[in-house]
Amino acid sequence: VERTLSIIKPDATRRNLTGKINAMFEEAGLRIVAQKRTRLTKEQAETFYEVHKERAFYGELCAFMTSGPVVVQVLEGEGAIAKNREVMGATNPANADDGTVRKLYGESVEANSVHGSDAPETAAQEIAYFFAGTEIV
Ligand code: ATP
Ligand code: MG
């Protein structure tokens, strides 16, 4: 089975939406096999989003991601990466399909409530960045 890294972002933890978002993952057949609530340091956010370093929004994105607690989690299931991205919806909530997390809860293209890995290589990398193998059960 496939695994993906998910992050419930500060805009969602601030509004106490962790349980509602987790229920959407579980209803889609994804299993939460690791999970922790933490506050990212500036260094962690900058490293995590390093691929976006040259984008105009990089500084603001890192500031937003450290503005409050996040819930970092590993989701497991058949085709977990694609399935999670389906449940999340489009990056910009304005373009997200009805019934997706970002349509329901996203506040803006930046404060869009959730992150999900976009490919097997990045998923493996992102999971290893936050979790030891023994923490994933
Ligand atoms: P994620 O990687 O968080 O799952 P994504 O793959 O849909 O989202 P990316 O293009 O990888 O989107 O962008 C990463 C994150 O950067 C987005 O989730 C969003 O929070 C932020 N972002 C993307 N585009 C913009 C933008 N134009 N302005 C501000 N923030 C943006
Ligand atoms: Mg992405």
Problem set entry | In segment 37-65, residue farthest from residue 108 (Cα to Cα) [restricted to those that are in contact (Cβ under 8 Å) with a residue 40 or more places away in the chain and open to solvent by less than 50 Å² (accessible area, probe 1.4 Å)] | 48
Seminar exercise, completed: The condition of being within 20 Å of residue 16 (Cα to Cα) and modelled with pLDDT of 95 or more holds, among 90, 111, only for 111
Seminar exercise, completed: The condition of being within 14 Å of ligand 1 (Cβ to nearest atom), open to solvent by less than 90 Å² (accessible area, probe 1.4 Å) and either in contact with a helix residue (DSSP H, G or I) (Cβ under 9 Å, 6 or more places away or on another chain) or hydrophobic (A, V, I, L, M, F, W, C) (or both) holds, among 116, 77, only for 116
Exercise. Scanning for something open to solvent by less than 10 Å² (accessible area, probe 1.4 Å) and either among the charged types (D, E, K, R) or in contact (Cβ under 8 Å) with a residue 40 or more places away in the chain (or both), does segment 84-105 turn up at least one residue?
Worked result: yes
Exercise. In segment 1-18, which residue that is assigned to a loop (DSSP other than H, G, I, E, B) and open to solvent by 100 Å² or more (accessible area, probe 1.4 Å) is nearest to residue 128 (Cα to Cα)?
Worked result: 1
For this session: For segment 41-87, name all the residues that are in contact with a Lys or Arg (Cβ under 7 Å, 6 or more places away or on another chain), closer than 20 Å to residue 13 by Cα and not hydrophobic (A, V, I, L, M, F, W, C).
Result: 66, 68, 69
For this session: Could you name every one of the strands (runs of 3 or more DSSP E) located completely within segment 19-137 that has at least 2 residues being away from ligand 2 (no atom under 15 Å from the Cβ)?
Result: 31-38, 70-77
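Checking the conditions here, which among 20, 9, 103, 36 is modelled with pLDDT of 95 or more, within 27 Å of residue 137 (Cα to Cα) and in contact with a Gly (Cβ under 9 Å, 6 or more places away or on another chain)?
Testing whether each residue is modelled with pLDDT of 95 or more, within 27 Å of residue 137 (Cα to Cα) and in contact with a Gly (Cβ under 9 Å, 6 or more places away or on another chain) leaves just 9.
The values are calculated or read from the model by the stated rules, or taken from the named source; none is laboratory data. Keep in mind that this is a model prediction, so the values were computed, not measured. No Cβ is skipped: glycine too gets one built from the backbone with ideal geometry, and neighbour counts run over all protein chains shown. The protein model used for the area step is the full one, side chains on, heavy atoms only, and it has no ligands, DNA or RNA in it. Shrake-Rupley method; radii C 1.70, N 1.55, O 1.52, S 1.80 Å.
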